[in-house]
Amino acid sequence: MSSRATRSSKTRVDRRSRTARAEGKDAREHLLHAAAEVFSERGFKDASVDEIATRAGYSKGALYWHFESKDELFFALIDASVDAPAHEMIELFQSAPPEQDMAPEGSRRFVKLLRDKRELLLLDHEYWSQAVRDPELRARYAAHRRFAGLAQQRLIDPSSVPDDLFGKTLVLIYRGLLATAQDGATPTRGTT
């Protein structure tokens, strides 16, 4: 039976190291964390599965237990590190009362993300370089790209993106979307 068939069957063989199985570690999270470090340091092309597994303290088999390929690992990391925080901010704006100014909270989260997750923007650049070469990935990248531009600019020139700019920008975009939706729901001029 091929290793691919083994991975896709319901009774997969646990290929984690004995130590990892005994300690009950969350290998997937450790592997994602190690992948973020290695991808950030070496770039996608030069990052090796062996180095990621070693840095996480797991075998290469453990990596392939959780991810079919280096590509799958990379995109799982992008989903967790780039897409999830963007979706959380969108949900924050959607759930806030209309009279509440969410710009300060949006800006606070943006600055914290930049401070705590510098590698996120390096990963975003890697994601971009993959997306421009792969038509299937372009739409996925475009959906989250609108949040990354200010972050990239701030990495290059911190003084060009004030702390409060991101929140103000998101509020303006959100209000514009609401206004557009409301205009579409009302009769246009000249109709009865």
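Nothing in this text is a laboratory measurement; each read-out follows from the coordinates by a stated rule. The structure displayed is predicted, hence computed values, not measured ones. Cβ sites come from the backbone with ideal geometry, for glycine too, and all protein chains shown count toward neighbours.
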query: With each label point set 7 Å from Cα along the Cα-Cβ vector, what nm distance links Glu29 and Thr54?
result: 2.6 nm
- line: Whole-Hz Karplus couplings 3J(HN,Hα) for the range 77-92, θ = phi - 60° and coefficients 6.51, -1.76, 1.60, Gly and Pro as x, run 5, 4, 4, 6, 8, 10, 5, 4, x, 5, 5, 4, 5, 4, 4, 4
message: Straight-line reach from Lys60: which aspartates and glutamates fall under 20 Å, measuring Cα to Cα and dropping same-chain residues less than 8 apart?
response: Asp14, Glu23, Asp26, Glu29, Glu37, Glu41, Asp46, Asp50, Glu51, Glu68, Asp71, Glu72
query: So between Asp183 and Lys168, what do we pick up on full extension, going 0.36 nm a residue minus the alpha carbon distance?
result: 3.2 nm
- line: Whole-Hz Karplus couplings 3J(HN,Hα) for the range 164-170, θ = phi - 60° and coefficients 6.51, -1.76, 1.60, Gly and Pro as x, run 8, 5, 4, x, 4, 5, 4
Label-point separation in nm, Ala142 to Glu88, each point 7 Å along Cα→Cβ: 2.8 nm
- prompt: Residue-wise, which Karplus ³J(HN,Hα) couplings in Hz belong to the range 108-115, taking 6.51 cos²θ - 1.76 cosθ + 1.60, θ = phi - 60°, and x for glycine or proline?
  reply: 4, 5, 5, 5, 4, 4, 5, 6
